[in-house]
Amino acid sequence: METVDKECGALGGLFQAIVNDMKSSYPIWEDFNSKATKLHSQLRTTVLAAVAFLDAFQKVADMATNTRGATRDIGSALTRMCMRHRSIEAKLRQFTNALMESLVNPLQDRIEDWKKTANQLDKDHAKEYKRARHEIKKKSSDTLKLQKKARKGKGDLQPQLDSALQDVNDMYLLMEETEKQAVRKALIEERGRFCTFITFLQPVVTGEITMLGEITHLQGIMEDLVVLTAEPHKLPPASEQVIKDLKGSDYSWSYQTPPSSPSSSGSRKSSMCSLAQPVNANTRLSSVSSHDSGFISQDATYSKPPSPMPSDITSQVRGPWRDG
């Protein structure tokens, strides 16, 4: 019986250690939930940033697709890459939602239940252990009294004593089995917590795996882009075809001559204004300059007599004939 008593004490101590471990685990669970909540907040911010980034990415892809033929192949590949990234962004959004809805919120509720369960286990075990100990102590005390009476030879008490000793032994065995059951219950409760945690974690990790699976599709698209852009100074056959197709078409394109520069047009305007001024019959312009060429005529250096008017030349020719 002494051995059984020690085993019952050891089992009771093991039960208490398991329960204390569960009670001391609450700060760790709560810290995990706090960090998961912060991660969820950061991921939401990342999702919003990813959406804005992909919108800008799509504009670049559209710009490459809508060129006159030089980069349409690149634009097509960029569009495919953008679509894959949008799929990744959608999976990231699902992963983010699962983190809060499938893990953080359920785990927070379960932590409160775990606290109550552990306290109840400890309370029930302590009550049952004390009751069993009290009954064994009382029965053991009665057995000792019978042993004393039997030693004094007061009546035939041996059958009664044997029965009492058997009862004490049975009570110890019952207590031992009760303690084993209590330890099993505590172990199951402890293991069940981690099994519940895995149940909450599973949809989160599944969403993460699905998201990462989308990333593998980017490799092929990137390899295509590397091939397409390996020779930037060489046009692909499709671009060359654009030039060939233009020949014999309706020529919807026409080259627009660019306007003159502001400084050049201003100088020509000033020259035209100077030429448009009225000329005095008695005086000749002292100089005519061209700012476009930088040349200045010699009239600026030598002064010439005024040229005769056409009427003067006629009179001079007809004069001698009249005199004759």
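For the range 1-229, the per residue solvent-accessible surface stands at 62 Å², with DNA, RNA and ligands left out and a 1.4 Å probe. Per residue, the convex hull around the alpha carbon atoms of the range 23-155 comes to 129 Å³. Against the empirical curve 2.2 N^0.38 Å, the C-alpha radius of gyration of the range 1-78 lands at a ratio of 2.67. Multiplying the residue separation of C195 and D167 by 0.36 nm and subtracting their alpha-carbon distance yields 6.0 nm.
Using the average count of surrounding beta-carbon atoms within 10 Å as a protection proxy, the listed peptides 69-75, 47-53, 105-111 rank, highest first, as 69-75, 105-111, 47-53. Give the separation of the Cα centroids, the range 63-102 to the range 1-36, in Å. Spelled out, the Cα-based centre of one part sits 51 Å from the other. Of the whole protein surface, K244 contributes about 140 Å² of accessible area at a 1.4 Å probe radius. Note on K148: aspartates and glutamates with a C-alpha under 16 Å away, same-chain residues under 8 apart excluded, are D156, D162.
Can you compute the FRET efficiency between V47 and K130 using 1/(1 + (r/R0)^6), with r the Cβ-Cβ distance and R0 = 51 Å? Round to the nearest 0.05.
0.35
Pair-distance distribution P(r) for the range 1-229, from all Cα-Cα distances in 10 Å bins starting at 0: 7, 19, 16, 13, 11, 10, 8, 6, 4, 3, 2, 0, 0 percent.
What's the FRET efficiency of I111 with N66 using the Cβ-Cβ distance as r and R₀ = 56 Å, to the nearest 0.05? The partial results should precede the final answer.
Details: r = 56 Å, r/R0 = 0.99.
Approximately 0.50, to the nearest 0.05.
Surface composition of the range 1-229: carbon and sulfur make up 58 percent of the accessible area, probe 1.4 Å.
Scoring 79-88, 5-14 by mean Cβ neighbours within 10 Å over their residues and listing the highest first yields 79-88, 5-14.
Measure up K35/K115; K59/K244; K123/K185 against 25 Å on the Cα-Cα distance and list the ones that go over.
As for pairs spanning more than 25 Å Cα to Cα, those are K59/K244.
The values are calculated or read from the model by the stated rules, or taken from the named source; none is laboratory data. Just so we're clear, the structure is a prediction, and the values are computed from it rather than from any experiment. Neighbour counts run over all protein chains shown; Cβ positions are idealised from the backbone, glycine included. Heads up: the accessible areas ignore ligands, DNA and RNA and are worked out on the full protein's heavy atoms, side chains in. Shrake-Rupley method; radii C 1.70, N 1.55, O 1.52, S 1.80 Å.
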